[in-house]
1. What helices (runs of 4 or more DSSP H) lie completely within region 12-116 and have 2 or more residues being surrounded by fewer than 14 Cβ atoms within 10 Å (Cβ to Cβ), among the polar types (S, T, N, Q) and at pLDDT 95 or above?
2. Mind checking whether some residue in region 180-187 is in contact with a Phe, Trp or Tyr (Cβ under 9 Å, 6 or more places away or on another chain), outside the structural domain of Ser127 (by TED's automatic domain parsing) and either surrounded by 16 or more Cβ atoms within 10 Å (Cβ to Cβ) or not hydroxyl-bearing (Ser, Thr, Tyr) (or both)?
3. Could you check, for region 62-70, whether at least one of its residues is assigned by TED's automatic domain parsing to the domain that holds Phe106 and over 17 Å from Val96 (Cβ atoms)?
4. Of all residues in region 56-88, count the ones that are farther than 12 Å from Ile37 by Cβ and of a type outside the set (A, V, I, L, M).
Amino acid sequence: MAKLHFFYSTMNAGKSTALLQSNHNYFESNLNTLLFIPNAIGEKSKGKIVSRIGLEAKATIFNSQYNFIKEIKKLDFSDISCIFVDEAQFLTSQQVHDLSEIADEFNIPVMCYGIRTDFQGKLFEGSSELLALADNLNELKTICSECDKKATMVMRLDSEGNVVLEGKKILVGGNDIYKTVCRKHFRKLTNLI
């Protein structure tokens, strides 16, 4: 039976790199995969999953209305060996349920990669549902930018480097507006927990 996997971490832990490496392994074995990226990221990356170290691959862009089951049924899914979803925190609860059904009913492994919590320390909808439903949970680790402990949280910064405590839940950006920290430094610097 195929499984639903969730690889999670903060930013800068190599999630996209790990996804692209796994996808490459399938490709090297002449196996077909499907790659997906949410429209919040895909529009900026021109429909590609891009890692910070320069790896990239073409992906299908999805939005909150995208129906994975309906779209997979349109394909010859017997030829698909794995489905990869980058930035899985942007999935809706229903989409996570659909992906789990694809694993269960179509026997296609689904590998989701994403961030667990937002800049306020709150779970993303997709991450919350994946933590509840995934067969395998895999934490990818990175280091706190303030100390040598494991980073588990992400803070948002303004253009002057000040910590931002309020705002839109989703704001796409990189190291210019986000900083990875351990829980202790998140608490100390944000007072949100």
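1. Values: elements: 15-28, 39-42, 68-74, 93-106.
Counting at least 2 such residues, we get 15-28.
2. Keep residues of region 180-187 that are in contact with a Phe, Trp or Tyr (Cβ under 9 Å, 6 or more places away or on another chain), which gives none.
No - not one qualifying residue is present in region 180-187.
3. Checking region 62-70: not a single residue is assigned by TED's automatic domain parsing to the domain that holds Phe106 and over 17 Å from Val96 (Cβ atoms).
4. Residues that pass the stated criteria total 14.
The values are calculated or read from the model by the stated rules, or taken from the named source; none is laboratory data. Note that the structure is a prediction, hence the values are computed from the model and not measured. Ideal geometry is used to build each Cβ from the backbone, glycine not excepted, and the neighbour counts take in all protein chains shown.
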